[in-house]
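Colleague: Supplied in structure tokens, the structure appears directly below.
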Amino acid sequence: MVKLQKVHGSQNQFFLLDQTTLQQPLTENELITLTRHLTNVHTGILGGADGLLVVSQSQHPKALGKMQVINTDGTIASMCGNGLRTVGRYLAEKYHQKDFIVETAQADLQVSCQPDWSANVKAMSVEISPVSFEASDLPFTNLGTNQLINTAVPVLATDLKFTAVAVPNPHLISFVSADTLESNLLEHLGTKLNQPNPYFPDGVNVSFARIINEKTLFVRTFERGVGFTNACGTGMSATSLAFALNNPSANIFDQLLTIYNPGGYVQTRVHQNDDNYWIELIGNATITHYLEIDEADLHHNLTPHNIKITATSEDAAYRHFIAQHEGY
């Protein structure tokens, strides 16, 4: 029997599979099929999820493991900040280490255990990088510029300014009013830019942010390959960077920020070294269920009666903790 986990960071939910525990690792096609089966919101297990986190052995000498992220639609994501926290916790507990490196699709990233946020609410810190504003790295085109930093883009939306940044997932960010945040504009724009379009040919994560005060934001993200999720770790990190760049007089760099989202909140710190940026993302890493599955079923069609599911008390603890910190 193989043990999977259902996990979440800020209620951004995933199934986690460690390929190193299998006698025969799944092929990429098998992983995509498994992801679509597990995560489907209507027919999946435990109400589905936003994707599958695949842990495997890294060939990089300093990395404790490797993470691959597969979205619910079967596409491969460059990175996932909320997912990396849960993978980081998994590797920390497996290898009894507190500070280490995890290989991701585009970079080897620093991960560290943090003090528990509350009883039974585990927390991790992860590095979000590399950062690029270049059109070719997102990519975007037909917008009349090679960078978008607090720039009006009338063809996307009137009366809004946008910042586009890859971290390395591509993000398009706008700071908006409460009324705009509650409107259907984010869904409209996210849907438009993640279908065939002349501006972001590979799609893009779109975030709207409301400034609560000089160290607090609320962010909602329409994720490429997923749609609306409770939280997007790289989206909140990218928004923190855009906030710092767009408000240079506020001295936001290296300060602890609180970023609320529909699934709770995280904390971030934006760092600058010369012309290079990176973001520290701190938040929960919660295990909600353990699943035991026969390995043969992973290679074929899963059926629910072949899965043993054991719930934990961690999600209830997280929800209780967040309910005590909702006022902002």
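Just so you know, all these numbers are worked out from the coordinates, no wet-lab data involved. Remember, predicted model here, so these are calculated numbers, not experimental data. Glycine also receives a Cβ, built like all others from the backbone with ideal geometry; neighbour counts cover every protein chain displayed.
Colleague: In whole Å, how far is the Cα centre of the range 107-121 from that of the range 1-49?
Modeller: The range 107-121 and the range 1-49 have Cα centres separated by 22 Å.
Colleague: Now, a different point. Name the residue farthest towards the positive end of the dipole of the chain from the options ILE173, PRO115, PHE100, assuming +1 on Cβ of Lys and Arg, -1 on Cβ of Asp and Glu, about the Cα centre.
Modeller: The one lying farthest along the dipole's positive direction is PRO115.
Colleague: Between THR312 and ASN273, what is the label-to-label distance in nm when each label sits 7 Å out along the Cα-to-Cβ direction?
Modeller: 3.2
Colleague: When only Cα pairs under 8 Å and 6 or more residues apart are kept, what is the percent relative contact order across the chain?
Modeller: Relative contact order of the chain: 19 percent.
Colleague: I'd like the orientation of helix 28-39 relative to the chain: the angle between its Cα long axis and the longest Cα principal axis, in ° from 0 to 90, rounded to 10.
Modeller: Result, in degrees: 80.
Colleague: Compute the signed sum of charges (Lys and Arg +1, Asp and Glu -1) over the other residues within less than 12 Å, Cβ to Cβ, of GLN23. Mind showing how you got there, number by number?
Modeller: Details: positive: none; negative: ASP294, GLU295.
Cβ neighbours under 12 Å give a net charge of -2.
Colleague: Something else about it: So what are the three principal axis dimensions of the chain from its Cα atoms, in whole Å, longest to shortest?
Modeller: Extents along the principal axes, in whole Å: 55, 42, 40.
Colleague: Another question, if that's okay. Would you kindly derive the ³J(HN,Hα) couplings of the range 72-88 from the backbone phi angles with the Karplus curve 6.51 cos²θ - 1.76 cosθ + 1.60 (θ = phi - 60°), listing them in order in whole Hz, with x for Gly and Pro?
Modeller: Whole-Hz 3J(HN,Hα) from phi for the range 72-88: 4, 8, x, 7, 9, 8, 5, 7, 7, x, 5, x, 4, 4, 6, 5, x.
Colleague: Taking only Cα atoms of the range 14-110, what ratio of Rg to Rh do you get with Rh as the Kirkwood inverse-distance radius?
Modeller: Taking Rg over the Kirkwood Rh, I get 0.96.
Colleague: Where does the chain land at 222 nm, in deg cm²/dmol rounded to the nearest 500, when only DSSP H runs of n ≥ 4 count, each adding -39500 (n - 2.57), divided by all residues?
Modeller: The helix-only estimate for the chain comes to -6500 deg cm²/dmol at 222 nm.
Colleague: Using just the Cα positions, wrap the range 248-328 in a convex hull and report its mean projected area in square nanometres, one decimal place.
Modeller: Projected over every direction and averaged, the Cα hull of the range 248-328 covers 9.4 nm².
Colleague: If you place +1 on the Cβ of every Lys and Arg, -1 on the Cβ of every Asp and Glu, and leave all else neutral, what size is the dipole of the range 186-319 about its Cα centre, to the nearest 20 Debye?
Modeller: 560
Colleague: Okay, next question. I'd like the FRET efficiency for ASP294 and GLN195, computed as 1/(1 + (r/R0)^6) with the beta carbon distance as r and R0 of 41 Å, rounded to 0.05.
Modeller: Working from the Cβ atoms, E equals 0.60.
Colleague: Right, here's the next one. Where nothing but the Cβ of Lys and Arg (+1) and of Asp and Glu (-1) is charged, how large is the charge dipole of the chain around its Cα centre, in debye to the nearest 20?
Modeller: So the dipole magnitude of the chain works out to roughly 360 debye.
Colleague: Using the number of other C-beta atoms within 10 angstrom as an exposure proxy, rank ASP294, ASP254, ASP275 with the fewest first.
Modeller: The most exposed by this proxy come first: ASP275, ASP254, ASP294.
Colleague: Still on this model: Can you put TYR290, TYR277, TYR199 in order of Cβ neighbours within 10 angstrom, beginning with the fewest?
Modeller: Working: TYR290 14, TYR277 21, TYR199 18.
Going from sparsest to densest Cβ surroundings: TYR290, TYR199, TYR277.
Colleague: Mind sorting SER249, SER207 by how few other Cβ atoms lie within 10 Å of their own Cβ, fewest first?
Modeller: SER249, SER207
Colleague: Taking the alpha-carbon centroid of each part, what is the distance from the range 229-270 to the range 89-105 in angstrom?
Modeller: Their Cα centres are 24 Å away from one another.
Colleague: How big is the antiparallel share of DSSP beta bridges in the chain, given as a percent to the nearest 5?
Modeller: 80
Colleague: Hey, if you put +1 on the Cβ of every Lys and Arg and -1 on every Asp and Glu Cβ in the range 135-279, which of ALA157, SER183, GLN195 ends up farthest toward the positive end of that dipole?
Modeller: Among ALA157, SER183, GLN195, the one farthest towards the positive end of the dipole of the range 135-279 is SER183.
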